[in-house]
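The values are calculated or read from the model by the stated rules, or taken from the named source; none is laboratory data. Computed from a predicted structure; not experimentally measured. Glycine also receives a Cβ, built like all others from the backbone with ideal geometry; neighbour counts cover every protein chain displayed. Areas reflect the complete protein model, heavy atoms only, side chains present, ligands, DNA and RNA absent. Shrake-Rupley method; radii C 1.70, N 1.55, O 1.52, S 1.80 Å.
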Amino acid sequence: MRVTLQEILGFKKRGERFPMLTAYDYPTAKVVDEAGVPLILVGDSLGNVVLGYDSTVFVTMDVMIHHTAAVVRGAKRALVVGDMPFMSYQTGTVTALENAARFLREAGAQAVKLEGGEVMAETTKALVDRGIPVMGHIGFTPQSAYQIGQRVQGRSIDAAEKLVRDAHAVEDAGAFAVVLELVPSELAKLITERLTIPTIGIGAGPDCDAQVQVVSDMLGLYTDFVPRHAKQFARLADDMRSAVTTYSESVREGSFPTEENGSSLKD
Ligand code: KIV
């Protein structure tokens, strides 16, 4: 049985912390799912860590649908959230509804995520009222990086108050959870205590209800830029490089393939 929204809300009610991870393809989703992670986000961070762009603004709906469908095929149990890309929801409620519906109908996701607090409250409510579960995302919102810069949000009193208002707006609009990205720990703690929906932190300290990491960061697979808030729990890029080197040497010296890796005539 797939994880439900009620189970996600239940974690908060019982004070149980939980992990969320991104995934962008079938084999990774399978591993993350089998390891028992209850929420998988197909983040538009795939623009950076999979496609090699320097911004998420280049990610399109078609790309997101393609990757989300692969993740859904790999994840049998986790609730899969599709990240709505730049300008797929900011231009109006109807566009947002149509694009959110594509995540559910074409890709098989169970929810969508969109960036923005008060400014996106009306859109969030429109989606939720029509049966589309929404995860909010406030603090540093990468789709607005050209405007707001690449930095921690909510450090001044005014900015902190604005973030608290954003968090309440997301909850009041009906979102089932909210990502807090690059938010001072004390502020993330306060927001977490005030909301009834789970807060999911990334660079927001240890007191959020849940944590999310970009899977390629925590596996040490994407190493062009390792954010301060990321921890490498493995070094897959190193392991892959070493495996590829060993394979290449084996081919060059003739130790791979052997008879066992092939077939022979019957007679
Ligand atoms: O796109 C993404 O991976 C995200 C997470 C960092 C929350 O939005």
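Can you spot a residue in segment 207-215 that is of a type in the set (Val, Ile, Thr), open to solvent by 70 Å² or more (accessible area, probe 1.4 Å), touching a helix residue (DSSP H, G or I) at 6+ places or on another chain (Cβ under 8 Å) and in a loop (DSSP other than H, G, I, E, B)? No - not one qualifying residue is present in segment 207-215. The residue list ALA188, ALA169 contains one member that is within 28 Å of THR93 (Cα to Cα) and of a type in the set (A, V, I, L, M, F, W, C), which is ALA169.
Checking the stated criteria, VAL170 turns out not to satisfy the condition of being within 22 Å of the chain's Cα centre (by Cα) and either more than 16 Å from the ligand (Cβ to nearest atom) or in a strand (DSSP E or B) (or both). Condition check for GLN6 on (1) loosely packed, with under 15 Cβ neighbours inside 10 Å; (2) within 20 Å of PHE225 (Cα to Cα): one failure, at (2). Scanning segment 177-202 for residues being touching a helix residue (DSSP H, G or I) at 6+ places or on another chain (Cβ under 9 Å) and in contact (Cβ under 8 Å) with a residue 60 or more places away in the chain gives a total of 4. Selection of segment 125-163 for residues being touching a residue at least 24 places away in the same chain (Cβ under 8 Å), under 11 Å from VAL183 (Cα atoms) and assigned to a helix (DSSP H, G or I) yields ALA160, LEU163. Reported count of residues in segment 175-186, each being within 11 Å of CYS208 (Cβ to Cβ) and more than 16 Å from the ligand (Cβ to nearest atom), is 1.
For segment 2-19, state whether one or more residues are out of contact with any His (no Cβ under 7 Å at 6 or more places or on another chain), within 11 Å of the ligand (Cβ to nearest atom) and touching a residue at least 24 places away in the same chain (Cβ under 8 Å).
Pass one, segment 2-19, residues out of contact with any His (no Cβ under 7 Å at 6 or more places or on another chain): 2-19.
Filter once more, so that each one left must be within 11 Å of the ligand (Cβ to nearest atom): none.
Taking every residue of segment 2-19 in turn, none turns out to be out of contact with any His (no Cβ under 7 Å at 6 or more places or on another chain), within 11 Å of the ligand (Cβ to nearest atom) and touching a residue at least 24 places away in the same chain (Cβ under 8 Å).
Candidates in segment 35-58 are the residues that are open to solvent by less than 30 Å² (accessible area, probe 1.4 Å) and small (Gly, Ala, Ser); of these, the one that is nearest to ALA78 (Cα to Cα) is GLY43. Here segment 20-48 is the region considered, the condition is being within 16 Å of the ligand (Cβ to nearest atom) and free of Cβ contacts under 8 Å to residues at least 60 places away in the same chain, and the residue that is nearest to VAL59 (Cα to Cα) is GLY47. Under the condition of being in a loop (DSSP other than H, G, I, E, B) and either on the phi > 0 side of the Ramachandran plot or open to solvent by less than 20 Å² (accessible area, probe 1.4 Å) (or both), the residues counted in segment 178-191 number 2. Can you confirm whether ALA175 is closer than 26 Å to ILE40 by Cβ and either assigned to a helix (DSSP H, G or I) or open to solvent by 20 Å² or more (accessible area, probe 1.4 Å) (or both)? So ALA175 fails the test.
Among the conditions (1) more than 13 Å from the ligand (Cβ to nearest atom); (2) surrounded by 21 or more Cβ atoms within 10 Å (Cβ to Cβ), the only one that THR93 does not satisfy is (2). When we screen ASP224, ASP239 for residues that are within 16 Å of the ligand (Cβ to nearest atom), farther than 28 Å from LEU9 by Cα, open to solvent by 60 Å² or more (accessible area, probe 1.4 Å) and out of contact with any Asp or Glu (no Cβ under 8 Å at 6 or more places or on another chain), the only hit is ASP224. With the requirement that a residue be of a type in the set (A, V, I, L, M) and open to solvent by 90 Å² or more (accessible area, probe 1.4 Å), what does segment 245-267 give you? Scanning segment 245-267 gives a single hit, LEU265.
So is SER156 modelled with pLDDT under 95 and away from the ligand (no atom under 16 Å from the Cβ) or not? Answer is yes for this residue. Any residue in segment 114-123 that is modelled with pLDDT of 95 or more and under 14 Å from the mean Cα position of the chain (by Cα)? Checking segment 114-123: at least one residue is modelled with pLDDT of 95 or more and under 14 Å from the mean Cα position of the chain (by Cα). If you go through segment 146-163 and keep only what is more than 22 Å from the chain's Cα centre (by Cα) and closer than 23 Å to LYS125 by Cβ, you end up with GLU161, LYS162.
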